Amino acid sequence: HRQLKQLELVTVAAMTASLDAFLVAAARSSRGATSGGALASQLLREAPALLAKHPERAAEITLGVARSARGREPTLLSAFSQALVQHQGQRQRLLPQGAAPSRAEVRKALVAFIALRNLGPAVCDAISALATTVEQGAAVLEASAVAVALAQLAGETGVHDAAADARVSRALQGPLSDVAALANLSAVDFSAAVIGVATAPEVVPEAAAALVAAAGSRAFEIQQEASALCELLRALVLLRDRAPSQSRAVDGLLLQIWPQLGTVVQRDLRSEEAFLWAVGLARIAEALPAENHTTPSFLAEVLQPTAPILLQLAQTDLGSLEPVALLLRAVDGDLWSSFLAYLALEALPKLPPGPAGTERVLSLLETVSAAGGEQSSKKPSFPPFFDFAFEELLGRSNELSLRQLRRATRLLSHVHLERIDRIGATAEALAALVGPRLLHTASSSKDSCGVETLPDIALTLSAFAALNGRLVLATDVQSQQQAPEALRGIAAVFEAAGLACEELLSVQSDDQLVATADSGKTEAVCLALSAFAQVAVRVPTASAVSSHHGVVIERGLHLLEVLSAGWMRTGTNLTAPQAHIFVVAIRGFCVHRPGLALPEVVLHVLHGLVDRSMAGPRTGDRDGWLLFATLQEFAKEPACPEAVRALLPQPKGSAQSAEAGAAHGAAPSRSGPSAPERLRAAMAAVAPTAEVEDHMQTGTGRSIVRRLFGF
């Protein structure tokens, strides 16, 4: 077998001396028809020489590289990138002074740019060179080519050179500013142009104005294609917000379009394209802002007349449940109630077993939960919906991943259940499923630094901290017999999560700890600490579970010690929000465990933070002042250990100090609420919402300050 592979590679090496053979081999490699990685590497090695030999076919060679090289060796990709940069430079030098590239040259550069833009940082130099060529000659491109390219750029993800992407996008929008050119576009190309501009990194106002002006007469040219028409209308809605100067024009256009759309939808919802219409309308509904004055017209002209047909569609086609749920949720009323009853009693049990069916169940629960907006805990129009839904979800417990269990836990922390006793029983069941999986996830992590695992653990703890708050603070839940068992289960989850974090951190070398801090995963362990603190400040009233509350504090304190020791060894400097979480965690542990002796390493880190905070009042740094004020509040607590109080800045209690705090944006201290009440208020915004989870998983999205504290 090995000999056959070697023979194949030798044959390919001989073949690639011919450009046509190279392109054939690249196509075969992209389809997985040959020996995958080895063939791709061989093609990458041959590509620079072929580029030098056949410069007129650079676009084809680049496409061949892109087809076979995704995720391959960065060194070889970089070598090809440099060869392509040299090629582009030579073509530029051949141009007369001040002349733009030919249309053919710009087309080739645009094709190569689109092909390479997702291959990673190794090709960034080539991407930049190609972007320059497109910028110089975009004006000579046909509007149809521009429209297709913009739409393709909008549909791609994972771009590594955002600046080059923005340059190309701006240049391509230039030809679309010509109203006469837009008139010559086909209906499909016109739709692609609107979608491309609406989703571009930066919208050129002249292009937006021309597209909006032409859209009124062209929108329904593609009405026979449900998905295409809906994507065009959705793009117009997006363009309204992306180009504020066109908002009034777009609003007027949409108000004219909705009645026509309603007529078309009522006619076609009973056709074979019914599902496509439901999906398209759902995408429009999601894009429409609730406060926009065209939204009520969309509901009245499009959704309300078709709502009965949508309900019938859901009852006959389980595949349409998700888009219909979004649409009927917007309609509300009796039809939404009927849909919820059907969903809970008939549809959810009919969804197939397995990961895909379970994911659909969970996603539908989240869709229903969002119906209340900010009041997501309000009673649904079919009150026992979540009682039945959680029963179905727990019946699929063996199919739930850790992330899905976390999402279910977050739902249980706020949704309405008719049977209050089911909250404790469901919480106990979820806790029993999560604890062992946390330990297994940590022990089986392929990444010894735990870079991918720590956010999972932290977000899981955040969800259970929110559930713990519901069990502890809601009097109707506390009175149920199942609540103490649920709280014990949650304590077990925190025990397992603390052990898992410590296991992941204990196997790291100092270099790995530094890498973990640099990668931003210190945010994850600080989020885990904040979850421990949330549980610490919410003391159960039942004495039977006080010992389990103590277990959470002990495990949180031990995690704090492990983290402090690692930070000391590596000289890690906590950011302002991380430092605030550290202090709030210590304060929560100490206030609710009087006489608690903090480890020396924790005191050492705290001492460094105190020194940093002292500069806040002097320099006017808002974050420094906030940390300084938090430390002063901690010093006032009767339960503050003397070893800690000796380190903390002592509050002056003078009017001058209060005025200084107000001048720097800090709220003056108050003597009314008790320490636990102040701590609950401080921690209330720490747990991230469900929408933050994907950002936290990938390290993108809002900064940690906004995620954790809401400012």
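The values are calculated or read from the model by the stated rules, or taken from the named source; none is laboratory data. Source: prediction; values computed, not measured. Every residue, glycine among them, receives a Cβ derived from its backbone with ideal geometry; neighbour counts consider all protein chains shown. SASA here: full protein model, heavy atoms, side chains in, ligands and nucleic acids out. Shrake-Rupley method; radii C 1.70, N 1.55, O 1.52, S 1.80 Å.
Using a Förster distance of 30 angstrom, determine the FRET efficiency expected from the C-beta separation of residue 597 and residue 503, and round it to 0.05.
Working: r = 25 Å, r/R0 = 0.82.
Using R0 = 30 Å, I get an efficiency of 0.75.
Between residue 346 and residue 186, how high is the FRET efficiency from 1/(1 + (r/R0)^6) when r is the Cβ-Cβ distance and R₀ = 51 Å? Nearest 0.05.
0.70
Could you tell me which of 148, 112, 122 has its Cα farthest along the dipole of the range 77-159 towards the positive end, charges placed at Cβ (Lys, Arg +1; Asp, Glu -1), taken about the Cα centre?
112
Report the extension gain between residue 290 and residue 645 in nm, rounded to one decimal, defined as 0.36 nm multiplied by the number of residues separating them, less their alpha carbon distance. Numbers along the way, then the final one.
Values: separation 355, 0.36 × 355 = 127.80 nm, distance 5.02 nm.
Full extension from residue 290 to residue 645 adds 122.8 nm.
With each pseudo-label sitting 7 Å past Cα toward Cβ, what's the residue 614-residue 312 distance in nm, one decimal?
According to this spin-label approximation, the distance is 7.8 nm.
If you roll a 1.4 Å probe over the range 287-349 with all protein chains in place, what percent of the accessible area is carbon or sulfur? Please report the intermediate quantities before stating the final value.
Details: 1250 of 2390 Å².
The nonpolar share, carbon plus sulfur, comes to 52 percent.
With a 1.4 Å probe and every protein chain kept in, tell me what percent of the accessible surface of the range 207-257 is carbon plus sulfur. Working shown, then result.
Details: 940 of 1920 Å².
Percent of accessible area from carbon and sulfur atoms in the range 207-257: 49.
Taking the highest mean first, how do the peptides 225-233, 583-591, 333-341, 86-94 order by number of other beta carbon atoms within 10 angstrom per residue?
Numbers: 225-233: 22.2, 583-591: 24.4, 333-341: 18.0, 86-94: 14.8.
Descending packing order for the listed peptides: 583-591, 225-233, 333-341, 86-94.
Hey, can you rank 495-505, 301-311 by average C-beta count inside 10 Å, highest first?
Numbers: 495-505: 22.3, 301-311: 19.5.
Going from most to least packed, we get 495-505, 301-311.
For the range 379-426, what is the accessible area per residue in Å² when the probe is 1.4 Å?
On the way: 1740 Å² over 48 residues.
Ligands and nucleic acids excluded, the result is 36 Å² per residue.
Which of the peptides 290-297, 566-573, 205-212 is most tightly packed, and how do the rest follow, going by the mean number of other Cβ atoms within 10 Å of each residue? Show your work: numbers first, answer last.
Numbers: 290-297: 13.5, 566-573: 16.4, 205-212: 21.1.
Most protected by this proxy first, the peptides run 205-212, 566-573, 290-297.
Per residue, how much accessible area does the range 208-252 have with a 1.4 Å probe, in Å²? Show your work: numbers first, answer last.
Values: 1710 Å² over 45 residues.
Solvent-accessible surface per residue comes out at 38 Å².
For the range 387-421 and the range 81-150, what is the separation of their C-alpha centers, rounded to whole Å?
52 Å
Computing the accessible area with a 1.4 Å probe over protein heavy atoms, can you report the carbon and sulfur percentage for the range 32-149? Kindly include the intermediate steps, with their values, before the conclusion.
Numbers: 2690 of 5050 Å².
In the range 32-149, the share of accessible area belonging to carbon and sulfur is 53 percent.
So if each residue of separation counts as 0.36 nm, and I subtract the Cα-Cα distance between residue 52 and residue 273, what length gain in nm does that give?
Numbers: separation 221, 0.36 × 221 = 79.56 nm, distance 5.06 nm.
So the chain would gain 74.5 nm between residue 52 and residue 273.
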